[in-house]
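In what follows, a structure is listed as structure tokens, so that the remarks can point back to it.
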Amino acid sequence: MSYYQQAFDVTRLPSWKALQEHRDVMQNFNMRRTFQADPERFHEFSMSCCGLFLDYSKNLVTRETRDLLVSLAREAGLAEASRA
């Protein structure tokens, strides 16, 4: 598929719908309680590579959020698009 030639509507994918449902579940997300419940959160939601450091532990994200985003990327063919 020529990704650069035609638009791809990810909002039609099942994984997008799952993310929308997950967003509704996350309405009561509380950062302070999340860090108290998971002392390893910073280590799990941060990474360092090639001299860059990314800390996304202080964002509205859980393990499930991350898994759903990875599923969306796979379903949308992100790896194939980046290779193209």
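The values are calculated or read from the model by the stated rules, or taken from the named source; none is laboratory data. Every value quoted in this text rests on a predicted model; they were computed, and no experiment measured them. Backbone-built Cβ (ideal geometry, glycine too); neighbour counts: all protein chains shown. Only protein heavy atoms, including side chains, enter the accessible area calculation; ligands, DNA and RNA are left aside. Shrake-Rupley method; radii C 1.70, N 1.55, O 1.52, S 1.80 Å.
Numerical summary
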{"item": "Of all residues in segment 6-15 being touching a residue at least 12 places away in the same chain (Cβ under 8 Å) and open to solvent by 80 Å² or more (accessible area, probe 1.4 Å), the one that is farthest from Leu60 (Cα to Cα)", "result": "Phe8"}
{"item": "Identity of the residue in segment 53-74, under 13 Å from the mean Cα position of the chain (by Cα) and open to solvent by 70 Å² or more (accessible area, probe 1.4 Å), that ends up farthest from Gln36 (Cα to Cα)", "result": "Arg74"}
{"item": "Pairs with Cβ under 7 Å, 6+ apart, first in segment 16-34 and farther than 18 Å from Ser71 by Cα, second in a helix (DSSP H, G or I)", "result": "Thr34/Arg41"}
{"item": "Count - residues of segment 36-52 that are in contact (Cβ under 8 Å) with a residue 12 or more places away in the chain and either among the charged types (D, E, K, R) or open to solvent by less than 70 Å² (accessible area, probe 1.4 Å) (or both)", "result": "3"}
